[in-house]
Amino acid sequence: MGSSDKSQEQCLYKEWMRLQEQELSELLHHHSLNLNNTTDDTNDAEMTQLLEKIIQHFQDYCDNRRRLAHSHVSAFFSPTWCTTLENSMSWIAGCRPSSFFNLVYALCGSNIDSRLSHFLRATHDRYCFTTMHTKRTTSYGDRLVLIEQNIKIHSDGNNSDFPKLSASQLSAIDKLQRRTMIEEEMLTAQMASLQQHMADMPLALIARGLSPRHELNPDVKKGLGKIEQAMHSAMHDADNLRLNTVKELCKILKPLQALEYIIAAKKLRLCIQSWGIQRDREHHGD
């Protein structure tokens, strides 16, 4: 990869992170205005428009990454322009889409163990048995739906600790999470197979027959080219999964919920970068 290519990739990343800061400021400003405005329909329309713009920026970023990756896709899997902390958390040149759901549950305060304890104390023994059985046999989102339904029956409706998400939203998020994790696992398996292929035929035999200088001859270039092509395809699929997961989540959430979610996601992303910079400085004694 030429220095100009590396410079373009690094510039793209820096521009993207600057955009995160700009968008976060815009989101926080809009959120503060929303708290003082009671015109729900107008607010929802404005928030939806803002969220669509931000998602389009994400789409543009993925498209630009894909274009630059044609010249040297390996660089995106271990980018020198990111911190070691960021790289250690990377999954196929980005974040895991399944982590998006952890943030949703964290924001709505969905600590399943504490809610089960509350539920068990507040309900009849038959509900206790049902919930304990459900905890063993159903998913995280489904358990939250059951807990919400039964706590509503046995509470006065003023439980401020309960998640803001409705039962139908939790169910929809759970279904999306299941689909996302299946696709994520398939891509993970593809990458594992690709990495195993590095030690497989014909590269293994080529390496065995090379001189100590390990020259990059035409046969090696051909073999590596096929692997890089597969890596580019995997990165493309992973980016699409990340993008589509965010889109689907924002459709399930109400505009204000989606706004708060994107704010939290951008704060987390910027914090990870900042923490990574600080940790790298500590390790290098700067």
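Observations, loosely collected:
To keep it simple, each residue is scored yes or no on (1) surrounded by fewer than 16 Cβ atoms within 10 Å (Cβ to Cβ); (2) in a loop (DSSP other than H, G, I, E, B); (3) hydroxyl-bearing (Ser, Thr, Tyr).
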| residue | (1), (2), (3) |
| --- | --- |
| Gln20 | no, no, no |
| Glu23 | no, no, no |
| Leu27 | no, no, no |
| Asn34 | no, no, no |
| Asp44 | yes, no, no |
| Gln56 | yes, no, no |
| Leu68 | no, no, no |
| His72 | yes, yes, no |
| Ala75 | no, no, no |
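- For first residues located in region 219-238 and over 26 Å from Arg96 (Cβ atoms), partners that are part of a helix (DSSP H, G or I) and lie 6+ apart or on another chain with Cβ distances below 7 Å form the pairs Asp219/Ile206; Val220/Ile206; Gly223/Leu203; Gly223/Ile206.
- Lone unmet requirement of (1) modelled with pLDDT under 95; (2) closer than 18 Å to Lys251 by Cβ; (3) hydrophobic (A, V, I, L, M, F, W, C) for Leu35: (2)
The values are calculated or read from the model by the stated rules, or taken from the named source; none is laboratory data. The shown structure was predicted, so the numbers you read here are calculated from the model rather than taken from an experiment. Backbone-built Cβ (ideal geometry, glycine too); neighbour counts: all protein chains shown.
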